[in-house]
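Single-structure report; data block below.
The values are calculated or read from the model by the stated rules, or taken from the named source; none is laboratory data. Note that the structure is predicted; figures quoted are calculated from it, not measured. When we count neighbours, we look across all protein chains shown, and the Cβ atoms used for this are built from the backbone with ideal geometry, even at glycine.
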Amino acid sequence: MSTWSKAVIAILLAATVAVAGCAGEALAQNDLKIMAPAAPGGGWNQTARAMQQALVAEGLAKSVQVYNVTGAGGSVGIAQFVTTSKGDPHQLMVNGLVMVGALLANRSPVTLDQTTPIARLTAEALVIVVPASSSIKNAQELAAAVKADVAKVTWAGGSAGGVDHITAALFVEKAGGDPSKVNYIPFSGGGESLAAVLGGKVTAGISGWGEYEGQIKAGKLRAIGVTSAQRLPGNDTPTLREQGVDLVIANWRSVVAPPGITPEQRADLIALIERMAKSSAWLDLLKQKGWEDDLLAGDAFAAFLREEQTRVKAVLTSIGLIKP
């Protein structure tokens, strides 16, 4: 090989390294905005702020701003997101199973098909709680109360049609009641539903373990059952299934980008979120919050999202939350 050829190869290799370095640097220099389409205190808000913390701590983003847009299980937020953020690769929105159901229940003209799927991030078991002063001590007693009078048992949780609502309806069904008559009171954020339970304004509350954990440990709420197949690690709360209520369901949360971004921008965002999801900062946050790592990115997540919309529509129809 001639000296000239060696020189050309060296220049090309150096250029390749420089381009790769610039791509990595470009990811790290992003100024990102993440919408949590619900009130502060809930799971979407916690997820968005956990992303903010991990992205900045790992140097994956220059700055990350989190903002909240409340209303109708994310219906208001997603409508704003797909219109005002169209084509902007610096914008992201947290969402999840709750939004899938809420958009259907609210007959939203905007759907998740109008966003750009990036990645599923976490899965979380739900917990059913009652005020510490409640006479209900376990899942069997709650099931008995439901069977005696469905309407008398009131439930607090997230927005109508979301995973909390689905869980309440399925609990009623498993207890032998009519799920279409479930007395469910939706709230736009975890803080509001928590206040309703603590204030004794409802019989029971449903949410992710992380949202009720502090009040459970403080003795203000009684956890009567988790919706996981097995007990949570380091947690003595029995599952619903082991108490005779055959109900297992998990909430998942994800992140999407606006419509109209380029394939290259989508690929960059997927790479960015995958790096975040594998970082020590993110994995530490998962442990702190009791979230399960459930990473699924890119095309695989897009396919999962389509399947979930079909599945949830069938569930909501079968329990009378939406019409066929």
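In segment 255-280, what residues are charged (D, E, K, R) and either under 20 Å from the mean Cα position of the chain (by Cα) or over 24 Å from PRO37 (Cα atoms) (or both)?
First pass over segment 255-280, keeping only residues charged (D, E, K, R): 264, 266, 268, 274-275, 278.
If the condition is that a residue be charged (D, E, K, R) and either under 20 Å from the mean Cα position of the chain (by Cα) or over 24 Å from PRO37 (Cα atoms) (or both), then GLU264, GLU274, ARG275, LYS278 are the ones that fit.
Return a yes/no flag: does segment 176-193 have any residue that is in a helix (DSSP H, G or I), at pLDDT 90 or above and either buried (at least 19 other Cβ atoms within 10 Å of the Cβ) or not aromatic (Phe, Trp, Tyr) (or both).
The initial filter retains those residues of segment 176-193 that are in a helix (DSSP H, G or I), namely 179-181, 190-193.
Then drop every residue that is not at pLDDT 90 or above, which leaves none.
Looking through segment 176-193, none of the residues is in a helix (DSSP H, G or I), at pLDDT 90 or above and either buried (at least 19 other Cβ atoms within 10 Å of the Cβ) or not aromatic (Phe, Trp, Tyr) (or both).
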Problem - Whichever residue in segment 144-163 is of a type outside the set (Val, Ile, Thr) and surrounded by 23 or more Cβ atoms within 10 Å (Cβ to Cβ) and, among such residues, is farthest from LEU247 (Cα to Cα) - result: SER159
Practice task
Determine, yes or no, whether ILE216 is of a type in the set (Val, Ile, Thr), in contact (Cβ under 8 Å) with a residue 24 or more places away in the chain and either assigned by TED's automatic domain parsing to the domain that holds ALA54 or surrounded by fewer than 19 Cβ atoms within 10 Å (Cβ to Cβ) (or both).
Solution key: yes
Problem - Count of segment 265-324 residues which are closer than 30 Å to LEU60 by Cα, outside any helix (DSSP H, G or I) and either of a type in the set (S, T, N, Q) or in contact (Cβ under 8 Å) with a residue 24 or more places away in the chain (or both) - result: 9
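Of everything in segment 259-278, what is among the charged types (D, E, K, R) and within 19 Å of LEU112 (Cα to Cα)? Give them in sequence order.
Matches in segment 259-278: ARG266 only.
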Practice task
Would you mind stating whether GLU242 is part of a helix (DSSP H, G or I), under 28 Å from LEU170 (Cα atoms) and of a type in the set (Asp, Glu)?
Solution key: yes
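Can you tell me which residue among ILE166, ILE224 is touching a helix residue (DSSP H, G or I) at 6+ places or on another chain (Cβ under 8 Å), in a strand (DSSP E or B) and buried (at least 22 other Cβ atoms within 10 Å of the Cβ)? Don't jump to the end; show me each part of the working.
Details: ILE166 fails: in a strand (DSSP E or B).
After ruling out the rest, the residue left standing is ILE224.
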Handout entry: segment 131-180, residues that are of a type in the set (Asp, Glu) and within 27 Å of the chain's Cα centre (by Cα)
Key = ASP164, GLU173
Practice task
Might you check whether a residue that is in the same structural domain as ALA218 (by TED's automatic domain parsing) and in a loop (DSSP other than H, G, I, E, B) occurs anywhere in segment 97-111?
Solution key: no
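So which residues in segment 221-240 are among the basic types (Lys, Arg) and within 21 Å of TRP252 (Cβ to Cβ)? Steps first, please.
Looking only at segment 221-240, we keep the residues that are among the basic types (Lys, Arg), and these are 222, 231.
Result: ARG231, single match.
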Practice task
Only residues in segment 114-143 that are assigned by TED's automatic domain parsing to the domain that holds GLN91 and in contact (Cβ under 8 Å) with a residue 24 or more places away in the chain count as the first member; pair them with residues that are surrounded by fewer than 22 Cβ atoms within 10 Å (Cβ to Cβ) and among the basic types (Lys, Arg), Cβ under 8 angstrom, at least 6 apart or cross-chain, and list the lot.
Solution key: THR116/ARG266; ILE118/ARG266
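Condition test on ALA102, is it aliphatic (A, V, I, L, M) and surrounded by fewer than 22 Cβ atoms within 10 Å (Cβ to Cβ)? Working first, answer last.
Numbers: aliphatic (A, V, I, L, M): yes; surrounded by fewer than 22 Cβ atoms within 10 Å (Cβ to Cβ): no.
For ALA102, the condition - aliphatic (A, V, I, L, M) and surrounded by fewer than 22 Cβ atoms within 10 Å (Cβ to Cβ) - is not met.
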Exercise for the section: All but one of (1) at pLDDT 95 or above; (2) over 26 Å from GLU308 (Cβ atoms); (3) under 19 Å from the mean Cα position of the chain (by Cα) hold for PRO238, so report the exception by its number. Expected result: (3)
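For segment 130-168, how many residues meet the condition of being hydrophobic (A, V, I, L, M, F, W, C) and closer than 19 Å to LEU198 by Cα? Step through it out loud before you land on a result.
The initial filter retains those residues of segment 130-168 that are hydrophobic (A, V, I, L, M, F, W, C), namely 130, 132, 136, 139, 142-146, 148, 150-151, 153, 155-156, 160, 163, 166, 168.
Those still in the list that are closer than 19 Å to LEU198 by Cα too: 130, 132, 136, 139, 142, 153, 155-156, 168.
Final tally of qualifying residues: 9.
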